[in-house]
Every structure is written in C-alpha cells, then in structure tokens.
Amino acid sequence: MQKINVRKKLLSANEEYAFKNTRFLNEHKIVCYNMISSPGSGKTTILTRTINELKNQIKIGVIEGDIQTDIDAERIRATRAPVVQINTYGACHLSAAQVDSALKKLPADELDLIFIENVGNLVCPSALELGEAGKIVVLSVAEGDDKPAKYPAIFARSKVLLINKIDLLAAGVQDDFDIERAKADARKLNKDIEIFPVSAKTGDGFSSWYDWLKKSVGKNSI
C-alpha cells in the first residue's frame, strides 16, 4: 500500500503559491508584510492609524484574514485604503493560495505596500510562508511578557515586534508587564528583530515605526 504524506503535499503546494506571490509582488515593486498576533492585540487599530497617518507618503493596501465577518475589513475600508477580505471559516491561518487570489483583487499598480492581517493566532500563521517580505508580530502588554518565551517560532521569524498598548503601562493598569523582559526574550530568539513599543490608542512610539516602514518601502523602490 502506498503511503501519501498529506502534510508534505499541502506544504509543497503552499510553497508554490508563496513563490508565485513573491514574484507578483516583485514585479509590481510592492513590499508586503504578514502581520501576526493573538486576537485583541490591536492589529487592526495599528493598521488604521498607520494608513491614515501615512496616506500621503505610502500607498497601502490590506488583505484581511478572519475566521468570520468583515468587521475589521470595514474598519480598514473607512480609511479609504483598498482591502480584500478572506474568511477562513474555521482555519487558523491564511494560505498562500488565498493570498494569491486576494492579490489579484487589489489595485497592485497603485500600491507601495500591502499588509496581510492574518487570523488572530501566534502559532499556526508562523509556520506558513505567504510570499511576504517579512513577518511582523504584535504583542499587547495585556497578554503578558512571557509570550516570546512561550511562542518562540513567530518571534524568531519576524522582522519587527510591535509591543502595543504601552499606554496601559504608563497608566499603571498593566504594571506586571516587564517590557525589558519581553524585549530580551525576543532578542534571544532573533538578534536582528526590530522592536517598537507603541500605543495604537495614543500614537506614542509610532514615529519610529513609520521611519522603519518608509525606509523599507524606499529600499524596495531603488
């Protein structure tokens, strides 16, 4: 009896689509980042602030991944940025094939940057490449400072760590979050990771995040 490694076949198919996506993005000179976090970390709020405040400098589109609803896509749409919704109906991550389909629905010739807002999950999305230029992981202070140690794969594979909701630290609401511990644990896994403590609510820390994004997009266009 012949045995078929289903997982291997699925990953191989995903890699083919990821390569196709990378080629598409390179041909259109678009930078693409895959944003990953637990539910409720503030990914969508980070994106809406970023889009609104950089819209005169960077043309941004979004691929929005959720298990159900288009609530977050509607929030992105309110910024007037182009957005494509993907509902997974139970799957805990987006696939490269789904991203391939979504890319064709965005006005690629008009964009500098595409964010993929993945399904809220620190585990499954970290394992699949979607053809992106890099991963961005978001950790909110409400989740605890132990997440880099407990979920090492995503922190090891990300270019950027956004530590969100630092306004809770300043207000003393989340005084048990050791930001230096979180940074140190992330850098043990990935010495090159860029770390930006931010507050999507107040805008604190966003200038450094924006500088990094603008530099990233500028490099792509050279």
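The values are calculated or read from the model by the stated rules, or taken from the named source; none is laboratory data. Just so you know, these numbers come straight off a predicted model, no measurement behind them. For neighbour counting, all protein chains shown are included, and Cβ atoms are generated from backbone atoms with ideal geometry for every residue, glycine included.
Before moving on, here are some points about what is shown:
- Scan of region 176-211 for residues that are of a type in the set (Asp, Glu) and out of contact with any strand residue (DSSP E or B) (no Cβ under 7 Å at 6 or more places or on another chain), ordered by number: Asp176, Asp178, Glu180, Asp185, Asp192, Asp204, Asp211
- Of the numbered criteria (1) under 16 Å from Ser41 (Cβ atoms); (2) acidic (Asp, Glu); (3) surrounded by fewer than 13 Cβ atoms within 10 Å (Cβ to Cβ), the one Asp167 fails is (3).
- Of residues in region 10-37 being of a type in the set (Ser, Thr, Tyr) and modelled with pLDDT of 95 or more, the one surrounded by the most Cβ atoms within 10 Å (Cβ to Cβ): Ser37
- Among the residues of region 105-150, the ones that are out of contact with any strand residue (DSSP E or B) (no Cβ under 6 Å at 6 or more places or on another chain) and of a type outside the set (A, V, I, L, M, F, W, C) come to 15 in all.
- Under the condition of being among the polar types (S, T, N, Q) and within 17 Å of Ala73 (Cβ to Cβ), the residues counted in region 14-36 number 1.
- Among the residues of region 73-94, those identified as modelled with pLDDT of 95 or more and small (Gly, Ala, Ser) are Ala73, Ala78, Ala81.
- Matching helices (runs of 4 or more DSSP H) fully within region 158-222 where at least 2 residues are under 19 Å from the mean Cα position of the chain (by Cα), closer than 26 Å to Ile51 by Cα and not aromatic (Phe, Trp, Tyr): 206-221
- Of all residue pairs spaced 6 or more apart or on separate chains, none has beta-carbon atoms under 8 Å together with a first member in region 21-40 that is within 19 Å of Glu64 (Cβ to Cβ) and free of Cβ contacts under 8 Å to residues at least 24 places away in the same chain and a second member that is β-branched (Val, Ile, Thr) and surrounded by fewer than 18 Cβ atoms within 10 Å (Cβ to Cβ).
- Looking across Val198, Val217, Val173, one residue alone is closer than 16 Å to Val137 by Cα and out of contact with any Lys or Arg (no Cβ under 7 Å at 6 or more places or on another chain). It is Val198.
Residues are listed down the side, and each one gets a yes or a no for (1) of a type in the set (Val, Ile, Thr); (2) more than 16 Å from Val31 (Cβ to Cβ); (3) surrounded by 22 or more Cβ atoms within 10 Å (Cβ to Cβ):
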| site | (1), (2), (3) |
| --- | --- |
| Val138 | yes, yes, yes |
| Ile154 | yes, yes, yes |
| Ile163 | yes, yes, yes |
| Ile179 | yes, yes, no |
| Asn190 | no, yes, no |
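- Filter result for Ile136 (part of a strand (DSSP E or B), farther than 20 Å from Val198 by Cα, out of contact with any helix residue (DSSP H, G or I) (no Cβ under 7 Å at 6 or more places or on another chain) and at pLDDT 95 or above): no
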